Every structure is written in structure tokens, then in C-alpha cells.
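Each remark here refers to the structure printed beneath this line.
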Amino acid sequence: MNLFNRPTLLALTMAVASSSVMAASRDYITIVGSSTVYPFTTVVAETFGKQSKFKTPKIESTGTGGGVKLFCAGVGVEHPDITNASRRIKASEVEKCAENGVKEIIEVKIGYDGIVIANSKSAPVYNFTLKDIYLALAKDVPDPQAAGKLIPNPYKTWKDVNPAYPAVAIEVMGPPPTSGTRDAFVELAMEEGCKKIDFIKAMEKSDGKAFKAACHTMREDGAFIEAGENDNLIVQKLVTNPNALGIFGYSFLEQNSDKVKGSLVNGVAPEFEAIANGNYPVSRALFFYVKKAHVGTIPGIDDFLQEFTSEKAWGDEGYLSDKGLIPMPKDERMKYADDAKALNNLKM
Amino acid sequence: MNKSMQGKTIEQVNASLARRYAKDRRFRRLGLAAIFSGLAFVLMLFGSIVSNGYSAFGQTYLRLNINFDPQLLGVAPLQNGAGYELKTLQQGDYGALVKAALRAEFPEVKSRSDLRELYSLISSGAPRDLQQMVLSNPAIIGSSQSLWLIADDDIDMVVKGYINRKVAESERRVNDQKIAWIEQLEAKAAVARQFNTRFFTNGDSREPELAGIGGAIMGSFYTLLITLVLSFPIGVSAAIYLEEFAPRNRWTDLIEVNINNLAAVPSIVFGLLGMAVFINFMQMPRSAPLVGGLVLTLMTLPTIIIASRAALKAVPPSIREAALGIGASKLQMVGQHVLPLALPGMLTGAIIGMAQALGESAPLLMIGMVAFIVDVPAGIYDPSTVLPVQIFLWADSPERAFVERTSAAIMVLLLFLLLMNLVAILLRRRFERRW
């Protein structure tokens, strides 16, 4: 038995190693970006793959920032065609894109997503104000005794924050800093709540850095728990612990409406209509960005845009709303659909 | 004096005997307790996975009378009247057939919003099934057939009992009306759970009832194929050279330390390395099993080299001396005598390395294999994902029905791992020789 006289294994190895030069063309769309937009884009992609003559696009969930970075790396088949974003692209990112040759970008806003503060069905319903959310979750809060001074957050129970709430320990599970949901929550809930306090609001103009530190820093003493990116896990923990609250996207609340319920914010419940018409304060817009240079090179991009911006997808009764996307008002939809059709460039 | 000493020692020994026996018993009990608590944890893990996941192997189907009406379908007959044009058969409105069948089943439903609810009883995958049926046998057009159609995931959850029908309507996802429809169908025995073959053949989908691990299994297969084809020959050759030919000096010591070190490097590091070298520098495609296999090769190589060297070391020197003694060259000695004896151990090491690679997801994150991929990959360049990544993606999905599917996918992964380890044990039992 002589194993050295067997060239088969070696030949096979060579064959694999030598075939590494390829990928000159690509016949499917590559999409990267936000994990919040991922559930919506995937549905559109699947429908598109089934109904058109093109292949189903490939979608990676890389997070908004990571997606934009990949997207802006250059033009060519090895770079993605579309990136999803749970916030608007930044001017600095657009510049970076242009430096790498990605000069023409089409912006498509797809709808809204509400961020809910939910707890178990068996627990009482909270009616939070943004200010109370800020006071309960910020690392440093205004000293109740001495005006104009920040002290480490002294509040242990909700009752300490506002006597209207029950005497239950503050325990909130939320997404980690890498998550777009966290960014949006900090910006929409914490910052807005923080601005309700006059001397901090005054800081915004005088000392932007201190303002950001005061408003954007979450508590680290155990009252706010970073529960990881998995929202299903947060839902499970809320069910077993009725005292805890959790922060996650509206679609998870909708899917688990038998287990958890959303708290009211400024008196508005996180419901479909309230988020759609903008009454619910903690909601954000979702976007995707298309590389114009790839339209026509990679087959199917324009058809994919058409599918995404069709009424049957993102309309009031479209299949995306079944998945938890909150549609834009009709005239806004029309505007973005027209932009997508005409491949209009992004205007900052 | 001697006697009294002896008596004293015996006394001492006898006195301590009970204590020593007790110590012995305590230690054994502790050991047993450790084993049982370990087993209990494993059982708990398996128990929770199996109890969560077994139901995903069944899928709810609803029986409806489908009338293959050529007009509703919009298919055009051929000129000669014998059949229909293929293009119109492909593009026919099969969804309309399902909708018509639902309307016929529940004629009392009239309003537009109620109809919308009614149509959502059946999965969006059902029209495609009908299309496949018609394409394989166009003769059924014009006939009326009683068919089992795949139900929507919400309906599946109700039938499986994951959504409680008893609680108030506002507290569950499926409204009273839909539950009434399901109960109406149940009374007619038109609701059944069938074996979920789609789960094993389909790629990923955002509709839980259509989602399967077929794509992930093929992705894992191609990735592991690349890994095996590359890492086994390289690993074995490296081990043979280091063990049988290499001189013992500072350089080989350094290499040995490095190999042992590499075996302990966190796998995400290999992913980063793979992204930098294979994707950014060598311009290989993202998300391809080829790159995944290359990265996992880097990861499994140390394991295989270490196992192979151990297998070579276990071959007694007398075999080598005997071969050399009758005039064999060093290469002949290794190739004809040592290697065949060491091979079972090497294979075992390779299989365990492969099992490790099968369960790996972190390094694949960096090279784009954590992605939504619907089409089942057909080669090493097609975008694909692997089983553990599929589990990760499903665990993160909001739809309730993905909970059981996640557990079911874990069961399949565990089964593969079990099989691989079983093969490793059998190989060792069958071929390993002890001296």
C-alpha cells in the first residue's frame, strides 16, 4: 500500500487551487447593510427572485455602518450593488464613496420602523414621557437638589423617577452600541427627553460635546442591560421577568403580541397607524442606496427597484406591511418611486 | 518491642481504615455526581431543543378543491388544440386558482378586507406548487381536484398549538375569524399535518413554511469538501515531514510551537485573515464556499497536523527499524509501513477537525457567508451559507414559526456531528492497532 503513488488527491488539490482566478462577472444582485432593513429587503428579494427571470439577490446583514463601508469601497462586480441603512447616509460617507469612485448614488426611503419599549403581558402598562425615559436610563442625570448640575443616576425604581409609576426596580434590556436600533433610540428617545431639561438644552449650543455625553450615554450600573442583537431573546426574557422592559423594533412586538405589549410614549401607543402618521415619537425612517454605475452592468437592478417601490410591496396593504414595515404616506411613496425609476441622484 | 510496635501500627491502620474508606466513597460519589450533573445538562439541552424543534418536521396542509379553470389561469390552447402553450402555462395566474378555491370553500366571505384575510390562510408558495403540477402534467387543466395545499405559517402555529386559541383575540396574532375558518376546515377533516420535505430541500425563505435547510446543507457540503480536499493532504504531509524527515533543531521547534498555538487561535481571526487575503487581495467572490473552505482549511490544519503527528508517534520504532534493516529507503519505510499503520488515527483526527469546521460560523461572518440566500448553491462559486449560520439567521427572525425551525435545524446539525464522530470512533475501533 503505497500512498505516495496516488496522484488523485494531489490533482484534486491542484484543480481547486488553480481555479481561484474567476468571478469576472456576476449575474445576481448583492445587497449588504442594516439588520433592521434586512427582514424587508429579503422579502422583496425572494418575491423578485420568484417572479422575475433574474436570480434571487444575495443579502448580507452587516449593520448600517459596515454596509456603507462595503458599498463605498468601489465600483465593480466584487463590490455590492445596494446597501440597506436604518438611518440616512452621512455626508462624510458620501464623500468617502466619491473618493473611491462611487459618485452616483440613488437614495430610496422605504418606510418607517417604530422602536418600542415593551414588557410582559402580565405587567402593568406604562405611559412614559421621553423625559422620564431619559431620567431612568441616562448615566448622568440632573441633580434634583441642585439645579444645573449632573450627578450619577440615583434612581433605583420607576417610582423614584416619577411617583406616577409603580415601585418596580428599573430594569431595561436594549440593543448594544453596534446596533442601528440603539443609535436611533438614543437619538429619538434619549436626546429628545434630555432636551426637556432646560440647562442641558442650553448646552447643545454652548458645548456640543458635553451635551452629547449627557444625553447619549446609557447607564452602566445594571439598570440598562445590553441584551445583544437578538430581539427574540429579549422577548423571551420579558416573558419570564414581568418587571423588566425591553427595547426592540415594532416588527417583533407585532409578531409576539400574545406575549408582550408596548408601553405608551407621550401618551401614544406603538400601533401601526400612530407610527405611520408620526404621532408615536420613537420612529425612524429606513433607506436603501443603489450604486448607479452598476445599473445595467449587473442584471436586474432596475427591475428590483421597481419591485421594491411597487404598491404591492411597500403600499398600505403591501406585503412589506405584513412583515411589520410602516409605509410612508402616499405622496412620499410616489416621490421616491419616481426617483428610483428615473435613477435620480442622491441630494444631501 | 517489635511486637508491640507492630500491634501499634495495626491499631493505627485499623483506626484510620473507616476514615479512609469513607474518603474513598466520598470521592467516588463526587465523581458520579459530576458525571450525572454533566449528563443532566446535556439532557436538558437536548430536551429543550428536541421539544422545541420536533414539530418543525411536520407542516400543516389544508385540503381545497382546486378547479384548474383554463380561463382563470389565462392559458392559451395550442393551434392544433392538443394542449396549451408552454409560455402561458408558466406564466398562468395560479394564485387565482387558490383564491377561487378559498372563495368556493367559504362563500359567505364577501368584503375586500375579509377576503384578504381569507387568502392569507394559504401560503404564498402554494401557487408555485400548482404551477409545477400543471407543468409536469398539463392534462389536468380543466379538471377539478381535491388537493392538499401548504398553509401559512400563522395557521401552522395555531394548528400546532403554539398560538393559543383560547386567549382573548387581542392577545394573539391570529384573529377569531381565521380561527373559525380553521375550525370549519378541521370539522371537514381538511386540515392535516404532513412530513415537511420542504424543510430538507428548500433554500432559505422569509416565509417560514417555505424555508428549508437544503441550501445550507449544500453550502456546508461544498465548504467541507474544499476543506477536506485541502487540509487533509497538506496536514498529513506536514505531519509526516515534521515527524519522520525534519531535523530536530530550533526551527522545527519554533514551527511546532506555532502549530500548537494556531490550534488555539479564535476562529474569527481566521475569518479576518481570509477576508484580507482571499477576498481583498486575491479577488475571490464573497459568500462563496470556495473562500469558506479555504478559511476553514486554515482553521482545521493545526488540528489535523497535531492528530497526524500523534498517530505517527504511536507507530512503534521497531517497525521503522525493521523496514530500514531490510534495505528500504526512508520514503519506502514511511510510505509502505508507517503511514498505513498511522492512517486510521490521521483519519480520525481529520474527521474531528471536519466536525469542528462544520459547526463553525464566526470566521464565515467576515467573508460574507452570513447572508440571505434563497437559491440552493450548485457549485463552489455560488453564493451560499452553512448550517450554523442558517441557525443564527433564523434565531434572529421575528416570525414565530422560525423558533421551531431554528431548533429543528440545530437537531439536523447535531445529527451530522454525531454521525461524523461515530464514523471517527468506528474507524478507530476497526483499524487502530495497539502495541
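Couple of notes before you dig in:
- For region B:394-411, the set of residues classified as part of a helix (DSSP H, G or I) and of a type in the set (S, T, N, Q) consists of B:T406, B:S407, listed by residue number.
- Of the numbered criteria (1) under 12 Å from the mean Cα position of the chain (by Cα); (2) closer than 30 Å to A:F40 by Cβ; (3) surrounded by fewer than 17 Cβ atoms within 10 Å (Cβ to Cβ), the one B:L415 fails is (2).
- Within region A:158-207, considering residues that are touching a helix residue (DSSP H, G or I) at 6+ places or on another chain (Cβ under 6 Å) and without any contact (Cβ under 8 Å) to a residue 24 or more places away in the chain, the one surrounded by the fewest Cβ atoms within 10 Å (Cβ to Cβ): A:A167
- Residues of region A:70-85 that are touching a residue at least 40 places away in the same chain (Cβ under 8 Å) and within 18 Å of B:A371 (Cβ to Cβ): A:F71, A:V77, A:E78, A:H79, A:P80, A:D81, A:I82, A:T83, A:N84, A:A85.
- Search result, residues across region B:202-236 that are over 18 Å from the mean Cα position of the chain (by Cα), within 11 Å of another protein chain (Cβ to nearest Cβ) and over 12 Å from B:G125 (Cβ atoms): B:V229, B:L230, B:S231, B:F232, B:P233, B:I234, B:V236
- Among residues of region B:175-200 that are in a helix (DSSP H, G or I), those with a Cβ under 9 angstrom from a residue that is among the aromatic types (F, W, Y), sequence gap 6+ or separate chain, pair up as B:W181/B:F106; B:Q184/B:F106; B:F199/B:F57.
Conditions (1) over 37 Å from the mean Cα position of the chain (by Cα); (2) among the hydrophobic types (A, V, I, L, M, F, W, C); (3) buried (at least 18 other Cβ atoms within 10 Å of the Cβ), marked per residue:
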{"site": "B:Q79", "(1), (2), (3)": "yes, no, no"}
{"site": "B:E85", "(1), (2), (3)": "yes, no, no"}
{"site": "B:T88", "(1), (2), (3)": "yes, no, no"}
{"site": "B:E105", "(1), (2), (3)": "yes, no, yes"}
{"site": "B:R116", "(1), (2), (3)": "no, no, no"}
{"site": "B:Y119", "(1), (2), (3)": "no, no, no"}
{"site": "B:S143", "(1), (2), (3)": "yes, no, no"}
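- Residue match in region A:172-194 (condition: over 21 Å from the mean Cα position of the chain (by Cα) and part of a loop (DSSP other than H, G, I, E, B)): no
- Count of region B:352-377 residues, restricted to those that are under 12 Å from B:A288 (Cα atoms) and touching a strand residue (DSSP E or B) at 6+ places or on another chain (Cβ under 9 Å), is 5.
- Flag not set for B:V423, criterion: surrounded by fewer than 20 Cβ atoms within 10 Å (Cβ to Cβ), at pLDDT 90 or above, assigned to a loop (DSSP other than H, G, I, E, B) and in the same structural domain as B:G293 (by TED's automatic domain parsing).
- Total residues in region A:307-348 satisfying the condition of being closer than 26 Å to A:Y28 by Cβ, in a helix (DSSP H, G or I) and either over 23 Å from the mean Cα position of the chain (by Cα) or without any contact (Cβ under 8 Å) to a residue 24 or more places away in the chain (or both): the figure is 5.
- A count restricted to region A:43-93 and to residues that are closer than 17 Å to A:V290 by Cβ, of a type in the set (K, R) and not in a loop (DSSP other than H, G, I, E, B) stands at 2.
- Selection status of A:T62, without any contact (Cβ under 8 Å) to a residue 60 or more places away in the chain, within 11 Å of chain B (Cβ to nearest Cβ), farther than 18 Å from B:I367 by Cβ and crowded, with 24+ Cβ neighbours inside 10 Å: no
- Condition check for B:G353: under 19 Å from B:I305 (Cα atoms), in contact with a helix residue (DSSP H, G or I) (Cβ under 7 Å, 6 or more places away or on another chain), among the small types (G, A, S) and within 11 Å of chain A (Cβ to nearest Cβ): no
- The lone exception for B:V334 - which of (1) among the aliphatic types (A, V, I, L, M); (2) closer than 30 Å to B:L273 by Cα; (3) facing chain A (nearest Cβ under 10 Å) it fails: (2)
- Residue within region B:238-255 that is closer than 30 Å to A:L70 by Cα, touching a helix residue (DSSP H, G or I) at 6+ places or on another chain (Cβ under 8 Å) and free of Cβ contacts under 8 Å to residues at least 40 places away in the same chain present: no
- In the set (1) within 30 Å of A:V75 (Cα to Cα); (2) facing chain A (nearest Cβ under 9 Å), B:L296 fails one condition alone, (2).
- Complete set of residues in region B:241-277 that are among the β-branched types (V, I, T), within 33 Å of the chain's Cα centre (by Cα) and either under 25 Å from B:V338 (Cβ atoms) or exposed (fewer than 10 other Cβ atoms within 10 Å of the Cβ) (or both): B:I259
- Test for B:R165: is it outside any helix (DSSP H, G or I), farther than 14 Å from B:Y61 by Cβ and within 14 Å of chain A (Cβ to nearest Cβ): yes
- Any hit, region B:375-393, residues being within 14 Å of chain A (Cβ to nearest Cβ), part of a loop (DSSP other than H, G, I, E, B) and within 30 Å of B:I163 (Cβ to Cβ): yes
- Those helices (runs of 4 or more DSSP H) lying entirely in region B:272-366 with at least 3 residues small (G, A, S) and assigned by TED's automatic domain parsing to the domain that holds B:I410: B:289-313, B:317-325, B:339-358
- Qualifying residue in region A:101-122 (condition: over 30 Å from A:K347 (Cα atoms), not in a strand (DSSP E or B) and not assigned by TED's automatic domain parsing to the domain that holds A:Y38): yes
The values are calculated or read from the model by the stated rules, or taken from the named source; none is laboratory data. Just so it is clear, the model here is predicted, and its values are computed rather than measured. Don't worry about glycine lacking a Cβ; one is built from the backbone with ideal geometry, like all the others, and counts go over all protein chains shown.
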